[in-house]
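Reviewing the structure listed below.
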Amino acid sequence: MTNREINRHSIIKKLLDKEINGTTAADLLKLSVRHVKRLKAKVKQFGPKALIHVSRGKPGNRRMPDRERKTIAEILKQKYPDFKPTFATEKLSENYNIKRDPKTIRQIMIEENLWKPRKKKQKEYHAWRKRKSCYGEMLQFDGSYHRWVEDRGPEWCLLAAIDDATGIPVKAKFDSDEGTFPVFKFWKEYAEIHGKPHSIYLDKFSTYKMTQRVAIENHETQTQFQRAMSQLGIEPITAHSPQAKGRIERLFNTFQDRLVKEMRLKNISTTEEANKFLEEDFLPNYKVKYSVEPALKTNLHRPLNQKEKSKLNSIFSKQTTRLVRNDFTISFNNQWHQLLEEQPATVRKQDTILVEEWLDGSIHFSIRGKYLNSKVITERPQKIKKTGWIIPAKKRDYTPAGNHPWRSRFILKV
């Protein structure tokens with residue numbers, strides 16, 4: 001018997017012994033007089049056990065059948081031994097048409113030693129930053145290194161961007177690292193499809209921001225990423241801590257749990273298969289389940305204009321400068337490039353040339369906004385005593401038409 005039932009029995013016994021009356025007993029037990037009379041009659045007939053509920057110790061009417069529970073336990077052990085209860089519940093419903101509450105599956109997993117309940121830790125108070133109001137107003141972006149395909153392949157880096165207003169992972173892509181070229185490929189593809197977001201929230205990784213003292217003192221010093229974002233008119237915002245960009249950090253926590261197991265079930269082991277699965281299957285389902293409605297329906301993505309589209313390869317390129325040598329050669333990446341005689345712009349000795357490494361691996365030289373003609377040479381040419389000091393721009397071959405105003409006689413009217 002419980003303490004409550006023992007207390008009830010002591011009061012009912014006093015009532016039976018006529019030490020108290022029914023009204024006093026009802027007040028002590030906080031029950032009605034009629035109900036106290038019923039309890040008195042039962043105790044008088046059956047003794048103290050009459051106060052115990054008749055269903056105690058018996059299987060519940062809504063209890064899961066033992067056969068179904070055994071089936072669920074076998075499936076969990078064979079297919080989903082390391083899944084969390086909620087995720088396991090979704091997979092049972094999706095693949096086996098077993099629709100049960102996550103709490104029920106959780107209890108089965110605890111009994112089968114597949115899940116250990118976690119003790120709740122008291123966290124310090126933290127005020128959440130309010131979401132942005134519009135889609136495209138701010139994207140949180142980061143990279144996560146992890147063994148995404150477990151022992152079926154090497155460690156990859158998952159580049160992902162999540163919209164702050166809606167919680168939608170607008171794009172995710174597996175690549176080898178979080179360097180300049182993988183990040184440029186990511187944002188070039190994004191800009192071509194969605195346009196330009198208003199701002200991007202990211203960390204202080206060397207790809208995004210220079211943290212050296214010289215760079216901090218000289219505000220004009222930029223990384224390749226900052227220069228590209230400046231050309232597109234996108235504002236990069238750097239966070240001072242991982243907690244500041246919590247949405248993308250929580251996204252990676254979820255992906256490292258769910259995405260890894262989903263790709264295990266699909267037996268995915270290459271980046272091509274993984275990126276295809278991400279784009280066609282995983283992300284669309286994730287958006288349906290976890291996205292929220294923004295406060296305003298406005299989309300702040302800006303489409304690329306014609307000038308930006310034509311210069312997209314140049315914007316998302318690694319840019320450096322080199323000097324034109326006296327023999328009109330340029331040394332870059334342990335390779336010699338010879339400028340040709342025909343050029344769209346005049347090139348002088350010791351001119352500063354802009355070198356662009358495009359995402360396709362090609363090298364391009366430009367000066368004053370015009371790309372120069374060049375060829376790769378195996379070794380540096382020998383010095384020549386007499387060489388010209390400039391390569392003039394190629395003249396246009398143009399002959400005026402017969403009816404051109406230049407060919408008409410000039411008549412001065414007074």
Query raised in the report: Which one of E342, E293, E357 is touching a residue at least 24 places away in the same chain (Cβ under 8 Å), of a type in the set (D, E, K, R), under 27 Å from P392 (Cα atoms) and surrounded by fewer than 12 Cβ atoms within 10 Å (Cβ to Cβ)?
Result: E342
Report task. Please list, ordered by first then second residue, the pairs with beta carbon atoms under 9 Å, 6 or more apart or interchain, first in the stretch 26-48 and in contact (Cβ under 8 Å) with a residue 40 or more places away in the chain, second among the aliphatic types (A, V, I, L, M). Result -> P48/M1; P48/I6; P48/I12
Report task. Would you be able to tell me the number of residues in the stretch 258-281 that are under 23 Å from L202 (Cβ atoms) and out of contact with any strand residue (DSSP E or B) (no Cβ under 6 Å at 6 or more places or on another chain)? Result -> 2
Query - Options K116, K132: the member that is surrounded by fewer than 15 Cβ atoms within 10 Å (Cβ to Cβ) and among the charged types (D, E, K, R) - result: K116
Report task. Could you please give the count of residues in the stretch 281-327 that are closer than 30 Å to F255 by Cβ, aliphatic (A, V, I, L, M) and not in a helix (DSSP H, G or I)? Result -> 5
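Output the strands (runs of 3 or more DSSP E) that fall wholly within the stretch 137-180 and possess 1 or more residues being hydroxyl-bearing (S, T, Y), or say none.
139-146
So that you can scan it fast, the table gives a plain yes or no per residue for (1) touching a residue at least 60 places away in the same chain (Cβ under 8 Å); (2) touching a helix residue (DSSP H, G or I) at 6+ places or on another chain (Cβ under 8 Å); (3) more than 27 Å from P85 (Cα to Cα):
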| position | (1), (2), (3) |
| --- | --- |
| E178 | no, no, yes |
| E192 | yes, yes, yes |
| Y208 | no, yes, yes |
| F225 | no, yes, yes |
| L232 | yes, yes, yes |
| F255 | yes, no, no |
| R258 | yes, yes, no |
| K266 | no, yes, no |
Query raised in the report: Among the residues of the stretch 139-174 satisfying the criterion of being β-branched (V, I, T) and either touching a Gly at 6+ places or on another chain (Cβ under 8 Å) or within 13 Å of I200 (Cβ to Cβ) (or both), which is surrounded by the fewest Cβ atoms within 10 Å (Cβ to Cβ)?
Result: V170
Query raised in the report: Just to be sure, is I330 in contact with a Leu (Cβ under 9 Å, 6 or more places away or on another chain) and within 24 Å of F87 (Cβ to Cβ)?
Result: no
**Report entry** Candidates S362, S374, S317 - the one that is buried (at least 18 other Cβ atoms within 10 Å of the Cβ), closer than 30 Å to V170 by Cα and either small (G, A, S) or out of contact with any helix residue (DSSP H, G or I) (no Cβ under 7 Å at 6 or more places or on another chain) (or both)
**Finding:** S317
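Values quoted throughout were computed directly from the atomic coordinates according to the rules given, and no laboratory measurement underlies them. Since the model is a prediction, treat every value here as computed from it, not as a measurement. All Cβ positions, glycine included, derive from the backbone under ideal geometry; neighbour counts span all protein chains shown.
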